[in-house]
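The values are calculated or read from the model by the stated rules, or taken from the named source; none is laboratory data. Keep in mind the model is a prediction, meaning the values are calculated, not measured. Here the Cβ positions follow ideal geometry from the backbone for every residue, glycine too, while neighbour counts run over all protein chains shown.
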Amino acid sequence: MTQNNTTAGTADLRDYLERAIASERGIRVRGQESKSEAVKLRQRLYSFRYADRKDAQKIYAPDDPRYGRSVYDCLTVDIDDEFNLLIRKVVANKEVEEL
């Protein structure tokens, strides 16, 4: 399967990711009838995020912190046992200390 390198025609994906960012912890996308269908949707979300990073390289200068980054990089996408996609915010909840 080839990777889509454009964000055109992906309003549904942008909506899912925007809703996940706006929520406190993330969202669940229901309706996938098989693991294969869930994996395809997850891949579309990954491809969208990749294209968003590429767009950021065109828009921002290399010394800009937004260069090559997506606002959606703070999200993870997992599949549960019922083939729902769980789009969650990455939260650092570990205590870290220098050695």
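Residues in the range 82-99 that are part of a strand (DSSP E or B) and surrounded by 15 or more Cβ atoms within 10 Å (Cβ to Cβ): 4 in all.
In a helix (DSSP H, G or I), modelled with pLDDT of 95 or more, more than 13 Å from TYR72 (Cβ to Cβ) and touching a Leu at 6+ places or on another chain (Cβ under 8 Å): does that describe LEU41? Yes, satisfied. The set of residues from the range 58-70 being surrounded by 14 or more Cβ atoms within 10 Å (Cβ to Cβ) and either polar (S, T, N, Q) or part of a helix (DSSP H, G or I) (or both) comprises just one member, SER70. Checking each residue in the range 9-31 for being outside any helix (DSSP H, G or I), at pLDDT 95 or above and either more than 17 Å from CYS74 (Cβ to Cβ) or touching a Phe, Trp or Tyr at 6+ places or on another chain (Cβ under 8 Å) (or both) picks out ILE27, ARG28, VAL29, ARG30.
Across the range 84-99, the number of residues qualifying as of a type in the set (A, V, I, L, M, F, W, C) and over 11 Å from ARG28 (Cβ atoms) comes to 5.
Quick check on PHE48: is it surrounded by 16 or more Cβ atoms within 10 Å (Cβ to Cβ), over 18 Å from ARG14 (Cα atoms), touching a residue at least 40 places away in the same chain (Cβ under 8 Å) and not basic (Lys, Arg)? So PHE48 fails the test. Pairs only if they're at least six apart or on different chains, beta carbon under 8 angstrom, first in the range 52-78 and over 19 Å from ASP15 (Cβ atoms), second of a type in the set (Val, Ile, Thr) and at pLDDT 95 or above; list them, first residue then second. Note: pairs meeting the criteria are ARG66/ILE59. A Cβ distance below 8 Å, combined with a sequence gap of six or more or placement on separate chains, defines the contacts here; from the range 15-38, residues that are free of Cβ contacts under 8 Å to residues at least 60 places away in the same chain reach residues that are surrounded by 15 or more Cβ atoms within 10 Å (Cβ to Cβ) and in a helix (DSSP H, G or I) in the pairs VAL29/TYR16; VAL29/LEU41; GLN32/ALA38; GLN32/LEU41.
From the list ILE79, ILE87, the one residue that fits, being of a type in the set (Val, Ile, Thr), closer than 16 Å to ARG42 by Cβ, in contact with a Gly (Cβ under 6 Å, 6 or more places away or on another chain) and at pLDDT 95 or above, is ILE87. Total residues in the range 71-81 satisfying the condition of being part of a loop (DSSP other than H, G, I, E, B) and surrounded by 10 or more Cβ atoms within 10 Å (Cβ to Cβ): the figure is 1.
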